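Report on one structure; see the data block that follows.
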Amino acid sequence: MDKAEDAVSDGVNAIQTTEGSFTEINEAAGSLRTLIADISGAAEEMAESSSKVENAMDEIASVSEQTSSNAEEVAASSEEQSASTEEIVNASESLAAMAQKLSTTVDQFKI
């Protein structure tokens with residue numbers, strides 16, 4: 001009978017050990033579920049942040065393109081102004097020469 005009692009006692013101990021192991025496995029699975037949920041949340045946040053960064057980069061590219069376009073317009077306007085200034089200088093020199101010629105011609109008619 002002692003053998004039967006020992007076998008029953010060993011069986012009870014084995015069941016308790018197995019129950020403890022299953023409890024640990026269940027707790028580990030719960031921890032894994034929590035970690036997976038945290039990782040999933042972090043991945044969603046990263047995706048959202050990535051989208052925001054992408055939008056910001058698109059805006060920066062758009063502003064850069066606009067700035068480049070504006071700079072080209074300013075450069076073209078500067079060239080036009082320079083050409084206009086040169087034309088004014090040439091016209092002024094021509095007018096000065098004409099005025100000098102007119103003055104010389106008028107001086108010939110003085111009595």
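The values are calculated or read from the model by the stated rules, or taken from the named source; none is laboratory data. Predicted, not measured: the structure shown is a model, and the values here were computed from it. Methodologically, a virtual Cβ is constructed for each residue, glycine included, from the backbone with ideal geometry; neighbour enumeration extends over all protein chains shown.
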*Would it be correct to say that Asn70 is at pLDDT below 95, of a type in the set (S, T, N, Q), out of contact with any strand residue (DSSP E or B) (no Cβ under 6 Å at 6 or more places or on another chain) and part of a helix (DSSP H, G or I)?*
no
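Here is a yes/no grid of residues against (1) in contact with a Phe, Trp or Tyr (Cβ under 7 Å, 6 or more places away or on another chain); (2) surrounded by 10 or more Cβ atoms within 10 Å (Cβ to Cβ); (3) modelled with pLDDT under 95; (4) not small (Gly, Ala, Ser):
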site: Asp2; (1), (2), (3), (4): no, no, yes, yes
site: Glu5; (1), (2), (3), (4): no, no, yes, yes
site: Ile15; (1), (2), (3), (4): no, yes, yes, yes
site: Arg33; (1), (2), (3), (4): no, yes, no, yes
site: Ser51; (1), (2), (3), (4): no, yes, yes, no
site: Ala56; (1), (2), (3), (4): no, yes, no, no
site: Ser62; (1), (2), (3), (4): no, yes, no, no
